[in-house]
1. Set the Förster radius R0 to 22 Å, insert the Cβ-Cβ distance between Ile114 and Glu134 as r into 1/(1 + (r/R0)^6), and round the FRET efficiency to 0.05.
2. Could you order peptides 157-167, 94-104 by the average number of other Cβ atoms within 10 Å of their residues, highest first?
3. How far apart, in nm, are the 7 Å Cα→Cβ label points at Thr91 and Glu127?
4. Counting alpha carbon pairs within less than 8 Å and at least 6 residues apart, what relative contact order, in whole percent, applies to the stretch 131-206?
5. Once you order the gyration tensor axes a ≥ b ≥ c over the Cα atoms, which shape class does the stretch 79-197 get: rounded for a/c under 1.5, otherwise prolate or oblate by comparing a/b with b/c?
6. Tell me which aspartates and glutamates have Cα within less than 16 Å of Lys189's Cα, excluding those fewer than 8 residues away on the same chain?
7. Run the simple label-point estimate for Glu55 and Ala165 please: 7 Å along Cα→C-beta, distance reported in nm.
8. Go through [x] 32; [y] 17; [z] 28 and flag the label whose value is the computed percent of Cα pairs over 34 Å apart for this structure.
Amino acid sequence: MKRLSPAATLAALALIVLALPATGAAQQPGGQPDGTVDAAARQQIIDNVAKRLNESYVFPEVAQAVEKSLRERAGRGEYEQITSAQKFAETLTEHLQSVSKDKHLRVRYSSQPIPERGARREPTEAERAEERRELNWMNHGFNRVERLRGNIGYIEFNGFMDAEAGAEAVAAAMNFVANTDALIIDLRKNGGGSPQMVALVCSYLFGPEPVHLNDLYWREGNRP
């Protein structure tokens with residue numbers, strides 16, 4: 001696995017969604033019916049996954065290694081007995097991650113067609129209000145703040161959400177642990193999120209001098 005320095009690239013990683021017709025068969029945990037895949041569908045999905053990876057994945061050599069592994073598995077007949085769309089998505093995810101060591105890289109199944117992503121637009125006031133309600137309900141990712149025995153601060157922080165909306169929550173959490181002798185920030189349930197929130201939280205932990213935290217890089221267009 002390639003090790004990255006703290007200031008190295010934060011990859012723009014692929015999430016691949018399979019939209020296949022539902023058969024009305026087994027109901028999935030998320031409430032959607034499962035679909036079926038035959039040999040032609042499995043091959044098409046593998047081709048599309050490989051194409052997306054080779055076009056967009058930040059490390060070209062990893063994309064090539066993943067494609068090679070998937071095609072070798074297919075050639076050995078490892079997918080021939082899989083007819084469940086949900087199971088096939090889960091199996092591909094396992095195989096993608098086993099080669100790439102990247103848990104951002106996954107395949108998901110949807111029984112409904114995925115709408116085309118349109119041009120970015122400003123959210124409506126109603127959408128902004130709904131987002132504010134959701135962020136407040138989640139307390140901007142801060143789930144628990146405590147002072148433990150031995151004057152140790154503890155913050156359970158479950159998501160890097162909107163920095164502007166969450167600024168007061170960050171300040172409240174950091175002020176609570178400001179006089180502790182050590183600090184634990186528990187990120188075990190944190191799935192990542194806004195780079196601006198990362199920078200805001202880190203601003204409480206570093207001195208006044210600028211610190212290079214990370215870069216965002218898109219392979220398409222070679223855009224850092």
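Coordinate-derived values only; no laboratory data. From a predicted model like this one, the values you see are computed outputs, not experimental measurements. Glycine gets a Cβ as well: all are built from the backbone with ideal geometry, and neighbour counts include every protein chain shown.
1. Details: r = 22 Å, r/R0 = 1.00.
Efficiency for this residue pair is about 0.50.
2. On the way: 157-167: 18.5, 94-104: 15.4.
So the peptides 157-167, 94-104, ranked by packing, come out 157-167, 94-104.
3. Each label point is offset 7 Å from its Cα along the Cβ direction, giving 3.8 nm.
4. Values: 116 pairs, mean separation 25.4, N = 76.
The normalised contact order for the stretch 131-206 reaches 33 percent.
5. Values: a/c = 3.24, a/b = 1.52, b/c = 2.14.
Cα axes put the stretch 79-197 in the oblate bin.
6. Result set, ordered by chain and number: Glu156.
7. 3.1
8. Matching the structure shown: [x].
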